[in-house]
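Notes follow the structure.
The values are calculated or read from the model by the stated rules, or taken from the named source; none is laboratory data. Quantities reported herein were computed from a predicted structural model and do not represent experimental measurements. No Cβ is skipped: glycine too gets one built from the backbone with ideal geometry, and neighbour counts run over all protein chains shown. Keep in mind that these areas ignore ligands, DNA and RNA; they rest on the heavy atoms of the full protein, side chains included. Shrake-Rupley method; radii C 1.70, N 1.55, O 1.52, S 1.80 Å.
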Amino acid sequence: MIPFSVLDLSPITQGSSARVSFQNTLDLAQHAERWGFNRYWLAEHHGMPGIASAATAVLLGYVAGGTSTIRVGAGGVMLPNHSPLVIAEQFGTLESLYPGRIDLGLGRAPGSDQATARAMRRNLQSDADEFPQDVVELMDYFAENSRRPVMAVPGAGLKVPVWILGSSLFGAQLAAHLGLPYAFASHFAPAQMMQAVDLYRAQFRPSAQLDKPYVMLGFNVFAADTDEQAALLATSMQQAFVNLRSGRPGRLQAPVSGYLDALGPQERAMLDQVLSCSAIGAPHTVERQLQQFIERTGADELMITSQVFDHQARLHSYEIVGQIHAGAHAPA
């Protein structure tokens, strides 16, 4: 069985607060560490009522400080929102505080709408098409002998692994060209997954960081003691996608029995597409679906996300995944 990791958006649930979300994030990270997950990533989003991980580097410091062995990282930082130097300093600080445990995943999407992006950047002169140059600049700040006239302090000389994130062919080509590990957002944008993975592997050039392609794929898991319980848990995420695509983003809502049956055909088709990379069910069901996905894709690692309303149910979902992974490594 390949390594399993955790992707967390630090969800804010209906009737709760960001403070509670952060407490739940640390609690989940501590459990994930005990259950043998490889890394714990948080994603940058802005202006989203149901996502609390906007100040990603700050939250990563909180998680890293409350754990001891699990890798902690950004999945990812939306680089057009920031200057490369600032990110180098932030993650240089994290790497200095928690050496050997920090990952830096980079994406070129804004992680927000245009109005929010403008409020954050003050203008939209930052161009997503400059993303490759920004990635190279950021990596150079971590070099022992940077060619830049400005030094990242802390940052210079630190080995912070850089990942390219993507949901299209662009990121696959860039990761291959730079010889970096590649994480694909198949947990919500699976349409080009296999095409992107094949392209990345075919065009990969070895680098100082990585000698052969390494692919991590996002995957949704809603696991419970029974298939029926798991299907109910999944309705919170289903509601979130329908609301987001309808222009009504909000906090993560409680599960609703019979939710799918009440949807129209267009909404059902949308959910079938965006959540096609998912396992929903009891432990044996989830184990089978995980194995089928790994065999189909040849992934080197899975980034598991489980957007479940109730924190204890969410913990249990990840616990089941951890038990599946441990069982695969247990001696016969």
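The simple spin-label model puts a point 7 Å past each Cα toward its Cβ; for LEU263 and SER96 those points are separated by 4.7 nm. Between 0 and 90 degrees, the angle of helix 84-97 with respect to the longest Cα principal axis of the chain falls at about 70 degrees.
Taking the highest mean first, how do the peptides 85-95, 48-58 order by number of other beta carbon atoms within 10 angstrom per residue? Intermediate results must be reported in sequence, preceding the final value.
Numbers: 85-95: 21.9, 48-58: 20.3.
In decreasing order of mean packing, 85-95, 48-58 become 85-95, 48-58.
In the complete set of protein chains, residue-level accessible area for PHE184 is approximately 10 Å², probe 1.4 angstrom.
May I ask for the longest run of the chain untouched by trypsin sites (Lys or Arg not before Pro) that are loop-located per DSSP and have at most 14 neighbouring C-beta atoms (other than their own) within 10 Å? Let's see the in-between values first.
Values: sites that count: ARG122, ARG147, LYS159.
That gives 160-332 as the longest site-free run.
Applying 1/(1 + (r/R0)^6) with R0 = 30 Å to the Cβ-Cβ distance of MET1 and HIS177 gives a FRET efficiency near 0.50. Placing pseudo-labels 7 Å out from each Cα toward the beta carbon at GLN273 and THR285 gives an inter-label distance of 2.5 nm.
Under a 1.4 Å probe, what is the accessible area of the chain per residue, stated in Å²? Present the calculation step by step, with values, prior to reporting the outcome.
Working: 14480 Å² over 332 residues.
Value returned for the chain: 44 Å² of accessible area per residue.
Angle of helix 169-178 to the longest C-alpha principal axis of the chain, folded into 0 to 90 degrees and rounded to 10: 40°. The C-alpha atoms of the chain define a longest principal axis, and helix 131-141 lies at about 60 degrees to it. 3J(HN,Hα) couplings calculated from phi for region 296-311 with the Karplus curve 6.51 cos²θ - 1.76 cosθ + 1.60 (θ = phi - 60°) are, in sequence order, 5, 9, x, 4, 8, 7, 10, 9, 8, 10, 9, 7, 10, 5, 7, 5 Hz; Gly and Pro show x.
How large, in percent, is the carbon and sulfur part of the accessible surface of region 74-221 at a probe radius of 1.4 Å?
Values: 3580 of 6580 Å².
Here carbon and sulfur together make up 54 percent of the probe-accessible area.
For HIS316, the solvent-accessible surface computed with a 1.4 Å probe is close to 60 Å², ligands and nucleic acids excluded. Per q in 0.17, 0.23, 0.24 1/Å, what log10 I(q)/I(0) does a Debye calculation on the alpha-carbon atoms of region 227-332 return? Log10 of I(q)/I(0), two decimals: -0.87, -1.37, -1.44.
Tell me the net charge near GLN307. Cut-off is 10 Å between Cβ atoms, GLN307 excluded, with +1 for each Lys or Arg and -1 for each Asp or Glu. Don't jump to the answer; show the numbers that get you there.
On the way: positive: ARG314; negative: ASP8.
Net local charge, GLN307 excluded: 0.
Report, to one decimal in Å, the Kirkwood hydrodynamic radius for region 267-314 based on all distinct Cα pairs. Each step should come with its number before you reach the end.
Values: mean 1/r = 0.0810 Å⁻¹.
This gives a value of 12.3 Å.
Centroid-to-centroid, using Cα positions, region 38-57 and region 176-193 are 19 Å apart.
Modelled label positions at ASP211 and VAL256, each set 7 Å beyond Cα in the direction of Cβ, lie 5.4 nm from each other. Computed over the alpha carbons of region 143-242, Rg followed by Dmax gives 18.5, 59 Å.
Name the residue farthest towards the positive end of the dipole of region 189-332 from the options ALA269, GLN312, GLN289, assuming +1 on Cβ of Lys and Arg, -1 on Cβ of Asp and Glu, about the Cα centre. Working it through, the farthest residue towards the positive pole turns out to be ALA269.
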